[in-house]
Amino acid sequence: MSKVLFLDIDGVLNSNFWNDSHQTELSDGTLIDEEKIRLLSLLVKETGAKIILHSGWRFWFDAELKPLCTEAAKLSELLAKGSLHISGVTPDLTTEEIRKTKKFSLVKADEILTWIKLHDDVTEWVVLDDLDLHNNQIRQHQVQTDQTIGLTLEDVKLAVKMLTGNLKL
C-alpha cells in the first residue's frame, strides 16, 4: 500500500506573487517559498505520501536524485529542512517540439500515468500542479493550485482528503 504525491514546483512551491516582487531570484530558479515547503511537509506528515517529482525541475537531478545544479541543491536543502525528500521522478516523454514550445502540460499526464503503471503498489495518488494537464483521469486526482498564490492550506486539506478519504486537518 503506497500513497504518492506527484509534485510540480513552479506555481506550487513558488508563485506569481513571488515572481512580481522577487523577479531576479525567480529567474535564476532558486526561489522556493519556505511557507509552501511547510505546507507540503504538513501534507506528507498527514498522509505518509512519497514525493515523485513531475516538474521540469526533475532534469536538474541525476539518476540517484542528487542535485546537478544550484537550484536543485537549494530545493533539496529546503525539502530536507521540512523532513522531506524526493523519492523518484516521472519518465521524460517530451519530444523536441514540446521542449521547443515549452508545452510540457501536453505530456505530463502521460508521464504520471506511465509512472503509476510501472509501480503497481500505488493505492492512492494526488497531483499538485498549477497547469491543466488535459486528462480526465488526472483531473480526478489533481489539486490544481493557483499559480498567482501557489500551494495553500485549502489545497493541502483537499489533497489530504483525496489521499486518505477523510479530512484530518
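The values are calculated or read from the model by the stated rules, or taken from the named source; none is laboratory data. Predicted model, so just to flag it, every value in this text is computed and none were measured. Here the Cβ positions follow ideal geometry from the backbone for every residue, glycine too, while neighbour counts run over all protein chains shown.
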So E71 fits all but one of (1) in contact with a Gly (Cβ under 6 Å, 6 or more places away or on another chain); (2) buried (at least 18 other Cβ atoms within 10 Å of the Cβ); what number is the exception? (2)
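Condition check ((1) closer than 19 Å to V122 by Cβ; (2) among the basic types (K, R); (3) touching a His at 6+ places or on another chain (Cβ under 6 Å)) across all residues:
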site: L43; (1), (2), (3): yes, no, no
site: A49; (1), (2), (3): yes, no, no
site: L53; (1), (2), (3): yes, no, no
site: F59; (1), (2), (3): no, no, no
site: D62; (1), (2), (3): no, no, no
site: T70; (1), (2), (3): no, no, no
site: E77; (1), (2), (3): no, no, no
site: I86; (1), (2), (3): yes, no, no
site: R99; (1), (2), (3): no, yes, no
Within the stretch 106-123, is there a residue that is at pLDDT below 90, under 17 Å from the mean Cα position of the chain (by Cα) and among the hydroxyl-bearing types (S, T, Y)? no
Going by the conditions given, is D155 touching a helix residue (DSSP H, G or I) at 6+ places or on another chain (Cβ under 8 Å) and more than 14 Å from A49 (Cα to Cα)? yes
Between residues in the stretch 1-27 that are farther than 19 Å from M162 by Cβ and residues that are surrounded by fewer than 14 Cβ atoms within 10 Å (Cβ to Cβ) and at pLDDT 50 or above, which pairs lie under 7 Å by C-beta distance while being six or more apart or on different chains? S15/T148; N16/T148; F17/T148
The correct count of residues that are of a type in the set (G, A, S) and either surrounded by 14 or more Cβ atoms within 10 Å (Cβ to Cβ) or in contact with a strand residue (DSSP E or B) (Cβ under 6 Å, 6 or more places away or on another chain) (or both) in the stretch 79-95 is 3
Taking K74, is it at pLDDT below 95, under 19 Å from I32 (Cβ atoms) and either under 14 Å from the mean Cα position of the chain (by Cα) or among the charged types (D, E, K, R) (or both)? yes
Out of all the residues in the stretch 55-84, which are in a loop (DSSP other than H, G, I, E, B) and of a type in the set (S, T, Y)? S55, S83
If you go through the stretch 159-169 one residue at a time, how many are surrounded by 16 or more Cβ atoms within 10 Å (Cβ to Cβ) and hydrophobic (A, V, I, L, M, F, W, C)? 4
Can you name the residue in the stretch 96-145 that is in a strand (DSSP E or B) and in contact with an Asp or Glu (Cβ under 7 Å, 6 or more places away or on another chain) and is also surrounded by the fewest Cβ atoms within 10 Å (Cβ to Cβ) among such residues? Q144
Go through the stretch 1-50 and tell me which helices (runs of 4 or more DSSP H), entirely inside it, have 1 or more residues that are more than 12 Å from the chain's Cα centre (by Cα), modelled with pLDDT of 85 or more and crowded, with 21+ Cβ neighbours inside 10 Å. 34-47
